[in-house]
Amino acid sequence: MSDIISSRFTPKQWLNILLGPALLALTVSVPLFGPVEARFGFGILFWMVWWWISAIIDIKVTCLVPIFVACLYAYMPLGKVLEAYVHQEAALIFGATAIIVAWVRWGFSQRLALNFLMRISGNVRAQTAGWFILCGVISFVVGNTTVAAMFAPIAVAALMYSGFKTNEDRWNSKAASNILIAVAWGASVGGMATPLGGGQSVITYGLLNKYIGYQIYFTDWSIRMVPVSICVILGVATLMYFMDTDMERFSGTKEYYKQELAKLGPMSYEEKIALGGFALAIGLALLEPAYASFIKGSPFFGWLNPTKIFCMIPMLLFFMPSKSNPEENILSATALKKFFPVTILFMWPASVALSKIISQTGASAVFAGWITPFLGFSDGWSIAAWAIASNALSQVTTDTAAAGVMVPLAIESMNNWRGMDFGSVAWIWVTGSAISWSYAVASATGAQGIVAGYGANLRTMFIWGLAAAAVSVIITIAYFYIAIVVLDASFYTLPPGV
């Protein structure tokens, strides 16, 4: 057995693996972290963060750490830990991702990308910024992992046509690597623009609804989060235009796009159905304010809810036959196995569980006690503190995990801000926004992990990712300083609909 183990991990890797539980043991022994249960909450957080940073263990295994620890020591009843993994809003993202699987299966994602690229020159800097903006806008309504899964293969195909045929070629080329990094960062940057943008938005949306006691409309969320998202997209796109590159133009890429688009031919029946299903779900979600009052309390229209709609449409696609392949339906188990990012099924529930564990063990209250004295100087300093802390955590864990930790902390710490009944509302917007700008570490989002697998240079991603994060955080602080401190806008300080 020892031979098998030693062939699987090197001594250095074993050191990184064992450092995770060692951090838990160290934290539990330090009174600074509060009562014993709170120490376990912090220790589990540190353990999971380290394994995410080092990437020494598969992310899906890391997601099971809270369960493993509960089996060793009952910091919470095991049943409660298992219940913590349940999050009804996750069904919304699962459903939306399943519909996108149909896009990928029938080629609509390729058609979308190729039509976009046909309108961009072969200039490397323009394509870098263009990929970022395209994926950024798509990420408003699609999770970051899914966006990267859709567009990274198309970007790689274009790069191969320009001569970058291997991962090593793309790693060693600043121009080629920048394109892949642009896809990953774009997939991440729009995550908070709508509740469909990713795991971090789902968690923040659910916590906000629970805090104020009712479900807000998608439009109420988006009109508050889209403006700051657009400002950040423009700021980071400008930065990306000036990233170091070893060539100014790609050769022949526009012709490649024309050829590939011609191969696709006219839009197929399957593409139209997959696109139509997504458009229907989005349309009903955005129109919810118009019909909500008419169906409220009706037992016949309980299904007319964004989360339920996004679950129902993929199920319908499972039973809609394809015309080009009679033996296959628009959505199939085979397509899900091939294109669905399985990590989603682990990452979102684990992030929810981590959030609940941090709260229920009392770790969040301890942390709030630490940072509260630093937040009382002024609202401006508080905005900066929450934005910087939230973004820093999202860089070293994941944006979803950061949402699960920081949003509950913001709710608990700022609940009595200005003596308001829902004083934390403004800080949920600030914290939620800053969480989505996670660009530096490959483990921060599924998108970074995907492009890393295609040869994106991780050193470039880290160095320029820190710069992009700094730009994003500065924009976020300035935006909310103007909105909350200068304008005192109830639009952000009060719950939507009040």
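The values are calculated or read from the model by the stated rules, or taken from the named source; none is laboratory data. Bear in mind that the values here come from a model prediction, so they are computed numbers and not experimental data. Glycine also receives a Cβ, built like all others from the backbone with ideal geometry; neighbour counts cover every protein chain displayed.
Only one of (1) at pLDDT 90 or above; (2) over 30 Å from residue 423 (Cα atoms); (3) surrounded by 18 or more Cβ atoms within 10 Å (Cβ to Cβ); (4) not aromatic (Phe, Trp, Tyr) fails for residue 228. Which number is that? Status for residue 228: all satisfied but (2). Within the range 441-485, being within 17 Å of the chain's Cα centre (by Cα) and β-branched (Val, Ile, Thr) holds for 441, 445, 450, 451, 473. Scanning the range 167-210 for residues that are among the aromatic types (Phe, Trp, Tyr) and over 18 Å from residue 307 (Cβ atoms) returns 171, 185. Can you tell me which residue in the range 64-93 is nearest to the chain's Cα centre (by Cα), limited to those that are modelled with pLDDT under 80 and surrounded by 14 or more Cβ atoms within 10 Å (Cβ to Cβ)? If we take residues in the range 64-93 being modelled with pLDDT under 80 and surrounded by 14 or more Cβ atoms within 10 Å (Cβ to Cβ), then 93 is nearest to the chain's Cα centre (by Cα). Checking each residue in the range 163-219 for being in contact with a Pro (Cβ under 9 Å, 6 or more places away or on another chain) and under 26 Å from residue 235 (Cα atoms) picks out 195, 196, 201, 202, 204, 205, 218, 219.
Looking for something surrounded by fewer than 23 Cβ atoms within 10 Å (Cβ to Cβ), outside any loop (DSSP other than H, G, I, E, B) and not acidic (Asp, Glu) - is there at least one such residue anywhere in the range 180-190? Don't jump to the end; show me each part of the working.
Residues of the range 180-190 surrounded by fewer than 23 Cβ atoms within 10 Å (Cβ to Cβ): none.
Within the range 180-190, not a single residue is surrounded by fewer than 23 Cβ atoms within 10 Å (Cβ to Cβ), outside any loop (DSSP other than H, G, I, E, B) and not acidic (Asp, Glu).
Taking each residue of the range 206-222 that is within 21 Å of residue 190 (Cβ to Cβ) and looking for partners that are charged (D, E, K, R) and at pLDDT below 90 with beta-carbon atoms closer than 8 Å, six or more apart or interchain, yields 206/89; 217/288; 218/288; 219/288. For the range 231-256, filtering for residues that are buried (at least 20 other Cβ atoms within 10 Å of the Cβ) and not in a helix (DSSP H, G or I) leaves 2.
Among the residues of the range 84-102, are any closer than 22 Å to residue 256 by Cβ and not charged (D, E, K, R)?
Initial filter on the range 84-102 (closer than 22 Å to residue 256 by Cβ): none.
Within the range 84-102, none of the residues are closer than 22 Å to residue 256 by Cβ and not charged (D, E, K, R).
Checked against (1) out of contact with any Cys (no Cβ under 6 Å at 6 or more places or on another chain); (2) under 21 Å from residue 185 (Cα atoms); (3) modelled with pLDDT of 85 or more; (4) not aromatic (Phe, Trp, Tyr), residue 486 meets all criteria but (2). On the stretch given as the range 321-342, residues that are surrounded by fewer than 15 Cβ atoms within 10 Å (Cβ to Cβ) and either in contact (Cβ under 8 Å) with a residue 60 or more places away in the chain or part of a helix (DSSP H, G or I) (or both) total 5.
Which one is farthest from residue 125 (Cα to Cα) among residues in the range 203-237 that are of a type in the set (Phe, Trp, Tyr) and more than 19 Å from the chain's Cα centre (by Cα)? Applying the filter and picking the extreme gives 214.
Out of 253, 245, 219, which single residue is over 30 Å from residue 323 (Cβ atoms), among the hydroxyl-bearing types (Ser, Thr, Tyr) and at pLDDT below 85?
Numbers: 245 fails: at pLDDT below 85; 219 fails: at pLDDT below 85.
Testing whether each residue is over 30 Å from residue 323 (Cβ atoms), among the hydroxyl-bearing types (Ser, Thr, Tyr) and at pLDDT below 85 leaves just 253.
Residues in the range 49-61 that are at pLDDT below 85 and assigned to a helix (DSSP H, G or I): 49, 50, 51, 52, 53, 54, 59, 60. Going by what's in this entry, would residue 274 be described as more than 30 Å from residue 176 (Cα to Cα) and in contact with a Pro (Cβ under 6 Å, 6 or more places away or on another chain)? No. Just one of the numbered conditions (1) closer than 30 Å to residue 47 by Cα; (2) of a type in the set (A, V, I, L, M); (3) in contact with an Asp or Glu (Cβ under 8 Å, 6 or more places away or on another chain) is not true of residue 330: (1).
Restricting to the range 119-175, and then to whatever is aliphatic (A, V, I, L, M), touching a residue at least 12 places away in the same chain (Cβ under 8 Å) and part of a loop (DSSP other than H, G, I, E, B), can you tell me which residue is surrounded by the fewest Cβ atoms within 10 Å (Cβ to Cβ)? The extreme case among them is 141.
Evaluation of residue 283 against the conditions (1) out of contact with any strand residue (DSSP E or B) (no Cβ under 9 Å at 6 or more places or on another chain); (2) buried (at least 17 other Cβ atoms within 10 Å of the Cβ); (3) farther than 30 Å from residue 353 by Cα shows that the sole unmet condition is (2). Among the residues of the range 191-225, none is identified as buried (at least 21 other Cβ atoms within 10 Å of the Cβ) and among the acidic types (Asp, Glu). Of 450, 475, all but one fail to be crowded, with 17+ Cβ neighbours inside 10 Å and over 30 Å from residue 167 (Cα atoms); the exception is 475. For the range 25-63, taking the residues that are exposed (fewer than 15 other Cβ atoms within 10 Å of the Cβ) and among the aliphatic types (A, V, I, L, M), the one that is nearest to residue 8 (Cα to Cα) is identified as 61.
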